[in-house]
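Engineer: Below is one structure. I have some questions about it.
What follows is calculated from the coordinates using simple rules that are stated; it is not laboratory data. These figures come from a predicted structure and were not determined experimentally. Cβ: placed from backbone, ideal geometry, glycine included. Neighbour counts: every protein chain shown.
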Amino acid sequence: MSLPKKINNTIFATGRRKTSVARVKLVKGKGDIIINKKPVNEYFPAGNYVMMVNQPLQAIEFKNDYDIIVNVYGGGLTGQAGAIRHSIARALSTLDEGYHKILSKTLYLTRDSRMVERKKYEQKKARKRFQFSKR
């Protein structure tokens with residue numbers, strides 16, 4: 001597990017969800033969120049993912065002092081949005097102890113450990129079985 005690091009007024013943090021991994025860099029700026037070299041509204045076409053990314057910022061009523069630069073890979077859009085939310089929360093928690101308490105209560109610092117269950121042999125899918133007939 002990599003903990004958030006602070007180097008030269010830049011904060012680095014990593015977040016994960018399902019098979020997605022997001023690496024965040026918080027830099028002094030004017031409040032832009034850039035994901036894989038694209039603005040957040042361009043990267044996530046649907047508004048619910050943008051809302052998900054902004055949840056930790058809204059929880060602590062964060063001012064636009066920092067630019068958030070994200071590198072995310074793996075999984076789908078939902079997993080990536082969750083990983084970004086996790087990494088932003090971890091980065092913000094290093095700024096102030098008060099932020100850490102708020103983000104812990106709202107469970108944004110908790111890693112969502114749910115993963116896809118593997119497919120078992122002699123079954124169609126993870127839990128679905130082939131049809132059974134006695135005769």
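Engineer: Classify region 56-135 as rounded, prolate or oblate from the Cα gyration tensor: take a ≥ b ≥ c as the square roots of its eigenvalues, call it rounded if a/c is under 1.5, otherwise prolate when a/b beats b/c and oblate if not.
Structural biologist: prolate
Engineer: Fewest Cβ neighbours within 10 Å first, please rank R127, R17 accordingly.
Structural biologist: Details: R127 9, R17 24.
Fewest-to-most ranking of R127, R17: R127, R17.
Engineer: Rank these for me by crowding, M115, M52, going from fewest to most other beta carbons within 10 Å.
Structural biologist: Fewest-to-most Cβ neighbours within 10 Å comes out as M115, M52.
Engineer: Can you list which of the GluC sites (Glu not before Pro) found in region 1-104 are DSSP loop residues with at most 15 other C-beta atoms within 10 Å? Intermediate results must be reported in sequence, preceding the final value.
Structural biologist: Working: sites: E42, E61, E97; in loops: E61.
Of the GluC sites (Glu not before Pro), the ones in loops of region 1-104 whose Cβ has at most 15 other Cβ atoms within 10 Å are E61.
Engineer: Here is a follow-up. Calculate, in nm to one decimal, what Q123 and T19 gain on full extension: separation in residues at 0.36 nm each, minus their alpha carbon distance.
Structural biologist: Extra length available between Q123 and T19 comes to 35.1 nm.
Engineer: While we're looking at this one, here's another question. Mean-square fluctuation check for the chain, GNM, Cα pairs under 10 Å: which of A22, A89, A46 is largest?
Structural biologist: Maximum fluctuation in the GNM of the chain, among the listed residues, is at A46.
Engineer: Quick check: the distance between the Cα centres of region 88-135 and region 5-79, to the nearest angstrom?
Structural biologist: 20 Å
Engineer: Please give me, ordered by residue number, the trypsin sites (Lys or Arg not before Pro) of region 41-112 that lie in loop per DSSP and have at most 14 other Cβ atoms within 10 Å.
Structural biologist: On the way: sites: K63, R85, R90, K101, K105, R111; in loops: K63, R111.
Those satisfying the criteria are K63, R111.
Engineer: Where the only charges are on Cβ atoms (+1 Lys, Arg; -1 Asp, Glu), what is the dipole of region 5-105 about its Cα centre, to the nearest 20 debye?
Structural biologist: Computed about the Cα centre, the dipole is about 340 debye.
Engineer: Tell me the chymotrypsin sites (Phe, Trp or Tyr not before Pro) within region 49-135 that lie in a loop according to DSSP and have at most 15 other beta-carbon atoms within 10 Å. Don't skip to the end; give the middle numbers.
Structural biologist: Numbers: sites: Y49, F62, Y66, Y73, Y99, Y108, Y121, F130, F132; in loops: F62, Y108, Y121, F130, F132.
For chymotrypsin sites (Phe, Trp or Tyr not before Pro) across region 49-135 that sit outside H, G, I, E and B with at most 15 neighbouring Cβ atoms in 10 Å, the list reads Y121, F130, F132.
Engineer: Something else now. To check my understanding: the extent here is largest minus smallest coordinate of the Cα atoms along each principal axis. What are those three numbers for the chain, in Å, largest first?
Structural biologist: Here the Cα extents, ordered largest to smallest, are 71, 31, 24 Å.
Engineer: A follow-up question, please. Of all the C-alpha pairs in region 1-76, what % are more than 21 Å from each other?
Structural biologist: 24 percent
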